[in-house]
Amino acid sequence: MSTRAYYGEELYFNDESIALNEKLEENIRLLLIKNKGVGIIGGVYGEGLPVKLISKLALQMLGYETDDEFEEKNGNLLSALLVREGDFSEDISLSPVTFDVQMKRRDGSFLWVRVATLDITDMFSNISWLISVCDIDSLKKHEQELLEAKEKAVYENNAKTLFLSKMSHDIRTPMNAIIGYADLA
């Protein structure tokens, strides 16, 4: 892969036909604005969504040291990174769209990322895809903790309600008998 610097980080290209022109630079900027910036991955529509460019930040986010290591482990296919069922190319082709997905890291762990997609047309009028990936793993973990805390609070509230309901019944029944006997006496 060849390397070209852009927006303060390196992009790795494994296809010399992809030119870093003004339109591509503008599309990268749009994705960074839309997704609050981080890594960029781009490629062509095809079996497994072949990756043709990847930024240094995206490599680091996924735990790779070099683009060659990424290529060796994943065969330069975006589909090899995804932890989901179905055809991811359908989501990308609905450009522009933003969604959350898990990606496999180099060490086998999973990372939640927010993906913003954009279709691009290169200087040869070929349509390709471009995505920005933003690490939202800590956000998703916090969201899960909040859901678990909510479920626990609902469970505890239901237990309290059941306890009070039974105690009220258990107190009311003997009290009715005492009041009844007091009236009789």
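May I ask you to list pairs of residues, at least six apart or on different chains, whose Cβ atoms are under 9 Å apart, with the first in the range 44-60 being open to solvent by 40 Å² or more (accessible area, probe 1.4 Å) and the second being at pLDDT 85 or above and among the basic types (Lys, Arg)?
Between residues of the range 44-60 that are open to solvent by 40 Å² or more (accessible area, probe 1.4 Å) and residues that are at pLDDT 85 or above and among the basic types (Lys, Arg), the close pairs are Val44/Lys52.
I need a count of the residues in the range 152-162 that are open to solvent by less than 80 Å² (accessible area, probe 1.4 Å) and either more than 48 Å from the chain's Cα centre (by Cα) or not small (Gly, Ala, Ser) (or both).
The number of residues fulfilling the criteria is 3.
Residues are listed down the side, and each one gets a yes or a no for (1) modelled with pLDDT of 85 or more; (2) in contact with a Gly (Cβ under 8 Å, 6 or more places away or on another chain):
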{"position": "Phe70", "(1), (2)": "yes, no"}
{"position": "Leu77", "(1), (2)": "yes, yes"}
{"position": "Arg84", "(1), (2)": "no, no"}
{"position": "Met103", "(1), (2)": "yes, no"}
{"position": "Thr121", "(1), (2)": "no, no"}
{"position": "Trp129", "(1), (2)": "yes, yes"}
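Residues Tyr181, Tyr155: which one is assigned to a helix (DSSP H, G or I) and at pLDDT 90 or above?
Criteria check complete, one pass: Tyr155.
Specify the residue that is most open to solvent (accessible area, probe 1.4 Å); the eligible residues are those in the range 104-124 that are of a type in the set (Ser, Thr, Tyr) and assigned to a strand (DSSP E or B).
The initial filter retains those residues of the range 104-124 that are of a type in the set (Ser, Thr, Tyr), namely 109, 117, 121.
Next, only the ones that are assigned to a strand (DSSP E or B) stay: 117, 121.
On the way: Thr117: 1, Thr121: 75 Å².
Among residues in the range 104-124 that are of a type in the set (Ser, Thr, Tyr) and assigned to a strand (DSSP E or B), the one most open to solvent (accessible area, probe 1.4 Å) is Thr121.
Quick one: is Ile136 within 41 Å of the chain's Cα centre (by Cα), within 28 Å of Lys73 (Cβ to Cβ) and in contact (Cβ under 8 Å) with a residue 40 or more places away in the chain?
no
Quick grid of which residues meet (1) open to solvent by 80 Å² or more (accessible area, probe 1.4 Å); (2) in a helix (DSSP H, G or I); (3) at pLDDT 85 or above; (4) within 30 Å of Val115 (Cα to Cα):
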position: Glu143; (1), (2), (3), (4): yes, yes, no, yes
position: Lys150; (1), (2), (3), (4): yes, yes, yes, yes
position: Leu164; (1), (2), (3), (4): yes, yes, no, no
position: Arg172; (1), (2), (3), (4): yes, yes, no, no
position: Met175; (1), (2), (3), (4): yes, yes, no, no
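The values are calculated or read from the model by the stated rules, or taken from the named source; none is laboratory data. Since we're looking at a predicted model, the values are computed, not measured. Don't worry about glycine lacking a Cβ; one is built from the backbone with ideal geometry, like all the others, and counts go over all protein chains shown. Side chains are part of the model used for accessible areas, which takes the heavy atoms of the whole protein and leaves out ligands, DNA and RNA. Shrake-Rupley method; radii C 1.70, N 1.55, O 1.52, S 1.80 Å.
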